[in-house]
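Since the structure comes first, as structure tokens, the remarks are kept for the end.
The values are calculated or read from the model by the stated rules, or taken from the named source; none is laboratory data. Just so it is clear, the model here is predicted, and its values are computed rather than measured. As a convention, Cβ positions derive from the backbone with ideal geometry for all residues, glycine included, and neighbour counts pool all protein chains shown. Just the protein is used for accessible areas: all its heavy atoms, side chains included, with ligands, DNA and RNA removed. Shrake-Rupley method; radii C 1.70, N 1.55, O 1.52, S 1.80 Å.
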Amino acid sequence: MSDDLNWLSAREMTRRFAKGELSPVDVLEATLAQLHTVNPVLNAICLLDEAQGRRLAAESAERWHSGAPLGPFDGLPVAIKDTAHVAGWPTRIGSHATAAAPSTEDTPGVARLREAGAVFFCKTTTPEFGWKGITHGPLTGITRNPWDISRTPGGSSGGSAALVAAGVVPLATGGDGGGSIRIPAAFSGVFGLKPSYGVVPNFLGPMGTLAVYGGLSRDVADSALMLNVLTRPDARDSFAIPYRGVDYLDGLDGGVAGMRAAWSPDLGFPVADPAVVAGMQPAINALVKAGADVQNVSLDLSGAQHTLEVIWGASHAALVRDFDGAQLAALDPGLRRLVISAQNISAIQLQAAYAEMRALSQKMQLFHQDYDLLLTPTVPITAFAAGVDTPDITRFPQWFDWTPLTWPFNLTRQPAASVPCGFVEGLPIGLQIVGPMFGEQNILRASRCVEQACATGARPSLGAGGPPQEEKQ
């Protein structure tokens with residue numbers, strides 16, 4: 001029974017809550033049991049509060065019993081990535097340098113989930129300050145991939161992706177400043193959506209318009225359900241767009257007939273693994289069969305990497321600008337090298353990078369006059385060894401070298417999703433579906449189409465392709 005509960009969709013859970021067939025208390029207990037089974041292997045959480053989880057689940061059960069639920073999200077267990085504030089819990093962001101004192105307020109997305117009746121019981125691991133696309137660091141150690149525990153689940157929302165993939169929760173939150181939702185979605189075989197900048201209210205930070213709040217799930221419809229909640233307004237974000245009241249579940253099964261889609265295997269970056277590119281074909285075929293017009297395009301965005309390097313480096317240097325020598329020495333070695341190298345970035349260089357970012361955004365705005373969607377592999381390689389920043393330091397000196405297809409759309413602020421579309425040598429791969437600004441609904445519809453065609457029903461066994469790698473940084 002517990003195993004069945006662990007693999008229910010969020011929508012099926014609340015459907016059963018409404019019929020009195022299932023209680024949020026039962027779901028939470030199954031959730032905790034699964035967590036205790038898999039987390040000793042995965043190392044995907046950095047905080048566990050079973051008492052709060054049980055209290056929130058009991059309160060939700062009483063609301064459902066009395067016929068007064070807060071809505072279709074009430075009672076759902078949600079894992080929270082430890083880059084967001086949860087009132088009463090510390091926000092460590094994977095760093096020894098952060099305070100262990102509890103936060104006094106919720107991040108906007110967390111506040112919306114709490115208002116909707118979500119059950120909070122844990123925080124998930126992230127690399128220090130979310131600086132890289134994998135999940136390991138000095139505070140929490142190495143997080144592992146449920147499909148092969150010798151490999152990384154990706155990052156920086158790696159703990160969240162691992163818990164979703166391993167059947168602990170149907171939903172987990174994430175943040176995406178350079179691919180941090182989509183990378184772990186692809187590596188871990190789950191669905192992840194980075195919304196357009198401004199659609200989900202969030203606290204402002206040094207990463208500016210690069211970073212957005214979102215989540216991960218095992219199916220597209222559950223992410224649409226969560227987006228309905230996350231997009232509700234919050235006055236603390238003056239850069240959020242006005243609330244539009246969009247129901248992202250509406251029209252989800254409307255199909256893609258008549259949509260114009262562009263396919264690029266590499267966006268001009270010569271890094272793609274041919275097996276991964278070939279693995280995209282069933283998903284592309286599914287979209288064509290459903291009526292989409294998919295055209296091969298030559299779209300070269302490789303010139304934007306310098307822009308990303310400057311803005312990324314300056315943003316993280318700003319995060320640690322007040323650190324003393326001991327705090328800097330305790331940083332993840334890769335992060336320390338990044339912020340040291342960024343200290344000489346001038347105001348002129350940074351402003352030039354922002355101008356290049358705006359030009360790239362305009363380029364993509366014009367591109368989408370001809371195409372409703374852009375299709376690429378999410379990550380052009382499969383998950384590599386856990387505990388290292390790059391699978392090949394000669395070929396990929398920095399993390400953004402091995403994932404060059406995700407971060408361009410943080411620069412442009414566009415929405416983009418990663419939808420599972422198969423496996424290469426037993427490891428998940430994902431198709432990235434990108435839309436124009438505020439094009440989430442078409443992305444979700446296309447993702448649903450791919451999901452229906454490519455879903456295998458496979459579950460990870462937490463097996464290992466080899467002995468776990470020791471942490472190397």
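Considering only protein heavy atoms and a 1.4 Å probe, what is the carbon-and-sulfur percentage of the accessible area of the range 373-428?
Whole-percent figure for carbon plus sulfur exposure: 51.
So how do 392-400, 110-118 stack up, highest first, on mean other-Cβ count within 10 Å?
The packing order, highest mean first, is 110-118, 392-400.
Cα-based Rg of the range 1-91 per 2.2 N^0.38 Å, rounded to two decimals?
In units of the globular-protein estimate, the range 1-91 measures up at 1.11.
Ignoring ligands, DNA and RNA, what percent of the 1.4 Å accessible area of the range 52-204 is carbon and sulfur?
Reported share for carbon and sulfur atoms: 55 percent.
Can you work out the accessible area per residue across the range 337-473, with the rest of the protein chains kept in place, probe 1.4 Å, in square angstrom?
Accessible area per residue: 43 Å².
Two decimals is fine: what's Rg over Rh for the chain, C-alpha atoms, Kirkwood radius as Rh?
Rg/Rh: 0.94.
Taking only C-alpha pairs under 8 Å that are 6+ residues apart, what is the relative contact order of the range 56-194 in percent?
Averaging sequence separation for qualifying contacts and normalising by length gives 22 percent for the range 56-194.
Across bins of 5 angstrom width beginning at 0, how are the C-alpha pair distances of the range 107-218 distributed, in whole percent?
Using 5 Å bins, I get a P(r) of 2, 14, 23, 25, 21, 11, 4, 0 for the range 107-218.
So if we plug the beta-carbon distance of A359 and A330 into 1/(1 + (r/R0)^6) with R0 = 30 Å, what FRET efficiency do we get, rounded to 0.05?
0.20
Based on the Kirkwood radius over alpha-carbon pairs, what value in µm²/s does the Stokes-Einstein equation return for the translational diffusion coefficient of the range 243-379 at 10 °C and 1.306 mPa s?
This corresponds to a translational diffusion coefficient of 86 µm²/s.
Take peptides 189-196, 79-86 and line them up by average Cβ neighbours within 10 Å, highest first, as a rough protection proxy.
Ranked by mean Cβ neighbours within 10 Å, highest first: 189-196, 79-86.
How big is the Cα convex hull of the range 70-144 in projection, averaged over all directions, in nm²?
If I average the Cα hull's projected area over directions, I get 5.4 nm².
Need one number: the % of Cα-Cα pairs in the range 27-76 sitting beyond the 18 Å mark.
For the range 27-76, the share of Cα pairs beyond 18 Å comes to 40 percent.
What is the log10 of I(q)/I(0) for the range 9-147, computed with the Debye formula using one identical point scatterer on each Cα and no solvent, at q = 0.12, 0.17 Å⁻¹?
Calculated log10 I(q)/I(0) at the listed q: -0.51, -0.94.
If you average the C-alpha positions of the range 73-151 and of the range 274-306 separately, how far apart do those two centres end up, in angstrom?
The range 73-151 and the range 274-306 have Cα centres separated by 33 Å.
For the range 1-74, give the magnitude of the charge dipole about the Cα centre (Cβ charges: +1 Lys/Arg, -1 Asp/Glu; no others), in debye to the nearest 20.
200
Given an 8 Å cut-off on Cα distances and at least 6 residues of separation, report the relative contact order of the chain as a percent.
18 percent.
Given the DSSP H assignment, sum -39500 (n - 2.57) over each helix run of at least 4 residues in the chain and divide by its residue total; what's the result at 222 nm in deg cm²/dmol, nearest 500?
Result for the chain, helices only: -11000 deg cm²/dmol.
Considering only protein heavy atoms, what per residue accessible area in square angstrom results for the range 39-153 with a 1.4 angstrom probe?
Accessible area per residue: 31 Å².
Treating only the Cβ atoms of Lys and Arg (+1) and Asp and Glu (-1) as charged, compute the dipole magnitude of the chain about its Cα centre; round to the nearest 20 debye.
320
Bin all alpha-carbon pair distances of the range 224-266 at 5 Å intervals from 0 and give each bin's fraction as a whole percent.
P(r) over the range 224-266, rounded to whole percents: 5, 16, 17, 15, 13, 16, 12, 5, 0.
Which Cα, out of T152, T209, S196, lies furthest along the positive dipole direction of the range 142-229 (beta carbon charges, K/R +1, D/E -1)?
Toward the positive end, the furthest listed residue is T152.
If packing is taken as the average number of other Cβ atoms within 10 Å across a peptide's residues, how do 31-40, 159-168, 139-148 rank, most packed first?
159-168, 139-148, 31-40
Using Cα-Cα distances under 8 Å and only pairs 6 or more residues apart, what relative contact order does the range 118-253 have, in percent?
Relative contact order comes out at 19 percent.
At q = 0.23, 0.27, 0.29 Å⁻¹, what log₁₀ I(q)/I(0) does a Debye calculation on the Cα points of the range 338-394 give, no solvent, two decimals?
For the range 338-394, the Cα-only Debye profile gives -0.92, -1.00, -1.09.
Let me know the charge dipole size of the range 364-436 about its Cα centre in debye, to the nearest 20, where only the beta-carbon of Lys, Arg (+1) and Asp, Glu (-1) is charged.
Using only the charged Cβ atoms, the result is roughly 120 debye.
So for the pair V246, F203, with labels modelled 7 Å out along Cα→Cβ, what separation do we get in nm?
The two pseudo-label positions are separated by 2.6 nm.
So how compact is the range 306-368: Cα radius of gyration and Dmax in angstrom?
14.5, 48
What shape does the range 330-459 have by the C-alpha gyration tensor, where a ≥ b ≥ c are the square roots of the eigenvalues, rounded means a/c under 1.5, and otherwise prolate means a/b greater than b/c and oblate the rest?
It is oblate, given that a/c is not under 1.5 and a/b is not larger than b/c.
Using only Cα atoms, what Kirkwood radius does the range 263-323 have, in angstroms?
For the range 263-323, inverting the mean 1/r across all distinct Cα pairs yields 14.6 Å.
What three numbers, in Å, describe the spread of the alpha carbons of the range 135-289 along their principal axes, ordered from the longest?
Sorted from largest, the Cα extents of the range 135-289 read 49, 46, 34 Å.
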